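Taking it in order: structure first as structure tokens, then the write-up.
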């Protein structure tokens, strides 16, 4: 009887943890919509035009994980792999948005981006805590995390301070091996338009991940009910 009660309590606790992580994801998704609109206005034409969608850069110093994946692969993900993909993705995305904020010249927008980073950091912490609760090991820190920490210790920005960011482009899926891990490196100076395109894609990929994560956490809840 005691074992059954303990199991029931653990399942309820796990479901509650997933639910709170889901709610935070939806809140950040709502917040990002407002920030993205302001950021695109900051970038100016043609980025603030409704139907403008520049091609994703295929050459960059920072690689973002791609949220899109085949439906059959997504359905087949085990719980641990599903959470690990989210944890790795937000580790890289958090570093990217921090650099985006540092390279933004508009004070109010910079403040909004940094405030959003606080929420994103909270989401990353919730995912890590959930993995620990379920008995899963955490993925090793990505090189983007290490580069971000190094930049903070040195008091320097990983992005050009002149305008916007370095983006992330990756030809591999979130389930790729460590060979596709995010990298930050020195590269030739980009023109302003290219930097704007990368800033545009950082926020777009983040938006895609928040949308996907909400579905990931819902799927986890359904599996735990079983």
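Odds and ends about this structure:
- Segments 98-104, 65-71, 19-25 sorted - mean Cβ within 10 Å per residue, highest first: 98-104, 19-25, 65-71
- A quarter of the convex hull surface defined by the alpha-carbon atoms of region 36-117 gives 7.1 nm² as the mean projection.
- When each of the peptides 198-205, 131-138, 39-46, 50-57 is scored by how many other beta carbons lie within 10 Å of its residues on average, the order from highest to lowest is 198-205, 39-46, 131-138, 50-57.
A short reminder: the numbers here are calculations on the coordinates, not readings from a lab. Everything numeric in this text was worked out from a predicted model, so none of it was measured. Neighbour counts are summed over all protein chains in view; Cβ atoms, including those assigned to glycine, are modelled from backbone coordinates with ideal geometry.
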